[in-house]
Amino acid sequence: MSTALRFAAKHGNKVWLDETVGRLQNEIDQLQLAGSLVVPKDPGGWWHQYVCPHHHTELLFDESCVDASEFHCPHGCVIEGEAYQGAWLVFKHQSLARVALQAAAVYAAQGEKRYAELSKRLLVEYAEQFPLYPVHPEAQSWMLKGRAFHQALTEAIWSTTLIRAYLLLRDEGIAFEAREQVAIDVFLGLLSESMEEYRHVLIHERNNAENNYTAWLNASLSCVYAARGEQAELEALIEGQGGFIHHLSIGVKPDQFEFEGSTYYHVFVLRAYLIAAEMAQRFGIDLYATTGAEGQSMHGMLQALADLADDQGALPALHDGPLARGPYAREIAEIAEQGLAIYGIAGLAPVLREAYRQLGAAGDEQLEALLYGADRTAADGEPRGSRLWPDAGFVIGRVAGNPLSFLADFGEHGGSHGHYDKLHLTLMHQAQTLTPDLGMVPYGSTMRRSWFAETASHNTVSLGGLSQAPHEGRCMHYEATETSVYAWLQSTGSYEGCTMNRHLLLTEDWLLDWFQVELAGDEPQPIEWWMHPIVAPDVAQQTLTEAAPYRMFVAEKAGDETMLKEHQLPILGQFVPDEGVDAIGAGQLQLTYGLNGGSSGVTPLESSGVSGVSGVLGTSSTPSTPSTSGASSTSNTLRSSSTSGNVTTASVFHTALVQPGDEVIAVQTPGDAIDPSCSLMAILHRRHDRKADFIHVYRAGSAVQLSQPSEHDIWITVPNHPQGAVHVQLTKDKGLQIL
């Protein structure tokens, strides 16, 4: 289905069309009034360097500026330097390409010629400027070098936006003068040469055809071939080594998840596939129904996202990827619109709403909806159940009637985009995700390696301040019924001689998390169970006097050697459990989390009564000079609505068994990847031993009572509940059993 045909289908909804086009026109008009629609003479750098070195949050970008030499942090820092200017230029080039596409879409929808002329001017100016950009001399050695950007990858993505604008203008009968067409042909030729060259490098020289780069090089070439009417070349690209079908077969697991196990790169690759399919459709070639060697498909990849999202529609930040970011929200909107329009996947409706909410849109009057959307009244579909991704290594548990659900990670490390996070648990409530993966900062931040990829930043277990080794876990048992779902996950490669078993049992009433760790050696070690709630718990807490900080050790390369560098996190206090309540002397710790119905919002420590974020791992207590310009810049990074000051709409009750010799402490940590400088409070349940059992139960509405009469048996009691006490036993061969 071509873009032009989708425009025709929307004309029946004139009110929505007029509102959407009016909004898009206004955005363009404001940029024209600011005089900012000028193609820069300098190429862009690497966008990941657009991050504050002090607060580690993405710097602000104002698309109404023609140029910039000072770059502002949301906290007031003013940053200067060539790397930051190069990163700013990436956003500027991408913004102008989007304006070209948006202006073409406005013209296609309403026929006002000045928008077609604007789009054409930007296209021709870029075509004329492109040969003047050098093959980037300042790109890092590992990069495939572009002209307009450090990376050929960024160039490929940017080019698809420009070429789609060009094709849309042509579809609408806009003619280019001979001089203009010559410039565009030169641009397409140079682009084609570089994309083909780098495909050869990836596929044949590096034997790395599955790389996410390849999908975008293919998408860019597909656009070039569509623009030049080269059907034979496009068919060869689809069928050849590293082409559309081959990449779908090797870059996506049979369970429909991108091979790196990253939600962000799953969206990233899927968007490239959909652009290639749109180009193929222009030649009457249907890639929308194409499958890979083991059944991989775009439909399956889209369905995976619908199944993975939380109840608000927010996608988890598995492995590398932002927690929330403007450009990412637009990418999600683009693929979700197509998932609804082409495949009718109703489960994508909340994902789309959440993407538009993150963008601050009052409704869906967005470019992505105009280009790709169809039915604006799609329902959310049937309630979702549990799902196991056996190849990618994720499991999600849902039971009808219980507002709690869970997501756990046991799969492959994920290569360069993986985290040291096996058996990580995300706990979700219908109102809000309580313990998300905290996301990833831009790669130019030192905190990418020093915190966000490390084990201690995830909801799993570490040993003695060291992160897990890169490895793959396994699912020992998975069983889902109408009334319960049970997942037994195991890791034997995290540390030498260490076996970890995480047992997750979700019923209609509660979630049991029984995490057992056993060490083979004779020496005891600190065994550390981490939980990172995004709202501070309501619990009695004892302040420790002169408490030693938590020490973690991060592997850092120094030349050819790898050294362990110590980082410290402040310990805020100790949680005090009730006195021993059972035969083995375990006490109970009761915590409550008040949720506000926001989507992935966090309560920073400043809002929860904990102060003093300076000096937290990876942050600086010496910020740059605050800005006094009063400029109305906007950020590509999105701050989800904080729970501070909002009314609690739901509560999650958390009961932990604290064995004699256990310690449960509050640790001050960096915040989420949106703003690491807004510290959070983590819960660290630890034991110095050769074996540990961390037993935690979560329930919505009210707390449970826990007791442990023997090492392998627990009783879970919901006061005043007709079911009474439930006896759960941990067996060696079958895992958890309800007796």
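Could you pull out the residue among 484, 491, 457 that is polar (S, T, N, Q), closer than 28 Å to residue 678 by Cβ and modelled with pLDDT of 95 or more? Reasoning before the result, please.
Numbers: 484 fails: closer than 28 Å to residue 678 by Cβ; 491 fails: closer than 28 Å to residue 678 by Cβ.
Unique residue meeting the criteria: 457.
Go through (1) modelled with pLDDT under 95; (2) farther than 23 Å from residue 102 by Cα and name the single condition residue 325 misses.
Failed condition: (2).
Determine which single condition residue 295 fails, assuming it passes every other condition in (1) buried (at least 19 other Cβ atoms within 10 Å of the Cβ); (2) small (Gly, Ala, Ser); (3) assigned to a loop (DSSP other than H, G, I, E, B); (4) free of Cβ contacts under 8 Å to residues at least 60 places away in the same chain.
Among (1) buried (at least 19 other Cβ atoms within 10 Å of the Cβ); (2) small (Gly, Ala, Ser); (3) assigned to a loop (DSSP other than H, G, I, E, B); (4) free of Cβ contacts under 8 Å to residues at least 60 places away in the same chain, the lone unmet condition for residue 295 is (1).
For the stretch 518-549, give me the residue count where each residue is out of contact with any His (no Cβ under 9 Å at 6 or more places or on another chain), over 24 Å from residue 703 (Cβ atoms) and surrounded by 18 or more Cβ atoms within 10 Å (Cβ to Cβ).
Of the residues in that region, 1 qualify.
Determine if the stretch 568-581 includes at least one residue that is modelled with pLDDT under 80, assigned to a loop (DSSP other than H, G, I, E, B), loosely packed, with under 14 Cβ neighbours inside 10 Å and of a type outside the set (D, E, K, R).
no
Any residue at all in the stretch 146-162 that is more than 25 Å from residue 48 (Cα to Cα) and of a type outside the set (Asp, Glu)?
Kept after step one, since they are more than 25 Å from residue 48 (Cα to Cα), are these residues of the stretch 146-162: none.
Within the stretch 146-162, not a single residue is more than 25 Å from residue 48 (Cα to Cα) and of a type outside the set (Asp, Glu).
With respect to the numbered conditions (1) surrounded by fewer than 20 Cβ atoms within 10 Å (Cβ to Cβ); (2) in contact with a Phe, Trp or Tyr (Cβ under 7 Å, 6 or more places away or on another chain), which one is the sole condition not fulfilled by residue 197?
With (1) surrounded by fewer than 20 Cβ atoms within 10 Å (Cβ to Cβ); (2) in contact with a Phe, Trp or Tyr (Cβ under 7 Å, 6 or more places away or on another chain) applied to residue 197, the lone miss is (2).
With the structure loaded, tell me whether residue 405 is modelled with pLDDT under 95 and either out of contact with any Pro (no Cβ under 9 Å at 6 or more places or on another chain) or assigned to a strand (DSSP E or B) (or both) or whether it fails that test. First the steps, then the outcome.
Numbers: modelled with pLDDT under 95: no; either out of contact with any Pro (no Cβ under 9 Å at 6 or more places or on another chain) or assigned to a strand (DSSP E or B) (or both): yes.
Considered against the rule, which asks whether it is modelled with pLDDT under 95 and either out of contact with any Pro (no Cβ under 9 Å at 6 or more places or on another chain) or assigned to a strand (DSSP E or B) (or both), residue 405 comes out as no.
Pull up the stretch 709-735, narrow it to residues that are part of a loop (DSSP other than H, G, I, E, B) and farther than 27 Å from residue 476 by Cβ, then point me to the one that is modelled with the highest pLDDT. Steps first, please.
Applying the first criterion (part of a loop (DSSP other than H, G, I, E, B)) to the stretch 709-735 yields 711-712, 718-724, 732-734.
Next cut, farther than 27 Å from residue 476 by Cβ only: 718-724.
On the way: 718: 92, 719: 85, 720: 80, 721: 77, 722: 74, 723: 75, 724: 79.
By that ranking, first place goes to 718.
For residue 511, work out the one condition from (1) closer than 18 Å to residue 403 by Cα; (2) in contact with a helix residue (DSSP H, G or I) (Cβ under 9 Å, 6 or more places away or on another chain) it doesn't fulfil.
(2)
Can you tell me which of 355, 346 is among the small types (Gly, Ala, Ser), touching an Asp or Glu at 6+ places or on another chain (Cβ under 8 Å) and either closer than 30 Å to residue 484 by Cβ or in contact (Cβ under 8 Å) with a residue 40 or more places away in the chain (or both)?
Working: 355 fails: touching an Asp or Glu at 6+ places or on another chain (Cβ under 8 Å).
Matching residue, one of 355, 346: 346.
Return the residues of the stretch 298-321 that are touching a helix residue (DSSP H, G or I) at 6+ places or on another chain (Cβ under 8 Å) and either among the hydroxyl-bearing types (Ser, Thr, Tyr) or part of a loop (DSSP other than H, G, I, E, B) (or both); say none if nothing qualifies. Working first, answer last.
If we filter the stretch 298-321 for residues that are touching a helix residue (DSSP H, G or I) at 6+ places or on another chain (Cβ under 8 Å), which is where we start, we get 298-299, 301-309, 311-321.
Passing the criteria: 309, 311, 312, 313, 314, 315, 316, 317, 318, 319, 320, 321.
Please enumerate the residues belonging to the stretch 322-361 that are touching a strand residue (DSSP E or B) at 6+ places or on another chain (Cβ under 6 Å) and in a loop (DSSP other than H, G, I, E, B). Outline the logic, then answer.
Initial filter on the stretch 322-361 (touching a strand residue (DSSP E or B) at 6+ places or on another chain (Cβ under 6 Å)): 325.
Of everything in the stretch 322-361, nothing turns out to be touching a strand residue (DSSP E or B) at 6+ places or on another chain (Cβ under 6 Å) and in a loop (DSSP other than H, G, I, E, B).
Residue-wise test of (1) assigned to a strand (DSSP E or B); (2) modelled with pLDDT of 95 or more; (3) surrounded by fewer than 19 Cβ atoms within 10 Å (Cβ to Cβ).
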site	(1), (2), (3)
652	yes, yes, no
655	yes, yes, no
660	no, no, yes
667	yes, yes, no
672	no, yes, no
675	no, yes, no
688	yes, yes, yes
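List the pairs whose first member sits in the stretch 238-259 and is on the phi > 0 side of the Ramachandran plot, whose second member is among the hydroxyl-bearing types (Ser, Thr, Tyr), and whose Cβ atoms are under 8 Å apart, counting only residues at least 6 apart or on separate chains?
242/214; 256/297
The values are calculated or read from the model by the stated rules, or taken from the named source; none is laboratory data. As the structure is a prediction and not an experimental result, all values here were calculated from the model. Cβ: placed from backbone, ideal geometry, glycine included. Neighbour counts: every protein chain shown.
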